[in-house]
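Only one structure is covered here, and it is reproduced in the block below.
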Amino acid sequence: MMIVGLTGGIGSGKTTVAQMFRELGVPVYDSDKEAKRLMVTSEEVKGSIIDLFGKQAYTVDGLNRTFIAEKVFKDRELLEKLNGIVHPAVRKHFLDWAQRQESPYVIQETALIFENGAADKYNYTILITAPKQTRIQRVVERDEVGKESVRDRIQHQWEDDKKAGLADFTIENLDLKKTKEKVNLLHLKLLSLASKF
């Protein structure tokens, strides 16, 4: 089974590209969605989060996102500890999921492959890029937030140029029609690479 990592900075359109791969019949694992789910459904993950943040980490409605976000926003070490709980759980869940797929290759959509030094966990990596102004505008419209808050979030991610030097494939996502054509071509290339596994 060939494993492909799909990543891109906030507003690059990696979710849009992931959907294009899904439409081609490729199984795609959404790490962000599964991480949120595991933080609520996995007793082991929940226990570790409560040990780290205290009982306030959960309310009757589930994970107390606001409380946790405020804590980790001010404390880098705490964020790393939280990631140390969630990332391995997501990784295990992803690998179990990948084994059940009947496809030449699978894709894991995840935000921070290069920043987390995780590129070696994939056979190939795809980076989705877009100009910074375009990304800011997309997120402002999508999340209904101010430009400053988007810029702050972008500051915490590596520049596209730095990631492009590490990625196996890069797709610039500006024009959806062109992006779809690039995805179709890359899919054919990945199918041919997968035949060697």
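The values are calculated or read from the model by the stated rules, or taken from the named source; none is laboratory data. Nothing here was measured: the structure is a model prediction, and the numbers come from that model. Positions of Cβ are generated from backbone atoms using ideal geometry, with glycine treated the same way; all protein chains shown enter the neighbour counts.
Below is a table of values for the structure above.
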| item | result |
| --- | --- |
| Residue satisfying all of: in segment 10-49; hydroxyl-bearing (Ser, Thr, Tyr) and in a helix (DSSP H, G or I); surrounded by the fewest Cβ atoms within 10 Å (Cβ to Cβ) among these | Thr41 |
| Filter pass, Thr15 being in contact (Cβ under 8 Å) with a residue 12 or more places away in the chain and farther than 19 Å from Asp96 by Cβ | yes |
| Failed condition for Arg22, given (1) outside the structural domain of Thr110 (by TED's automatic domain parsing); (2) in contact with a strand residue (DSSP E or B) (Cβ under 8 Å, 6 or more places away or on another chain); (3) charged (D, E, K, R); (4) free of Cβ contacts under 8 Å to residues at least 12 places away in the same chain | (1) |
| Condition met for Asp120 (assigned by TED's automatic domain parsing to the domain that holds Leu166 and modelled with pLDDT of 95 or more) | yes |
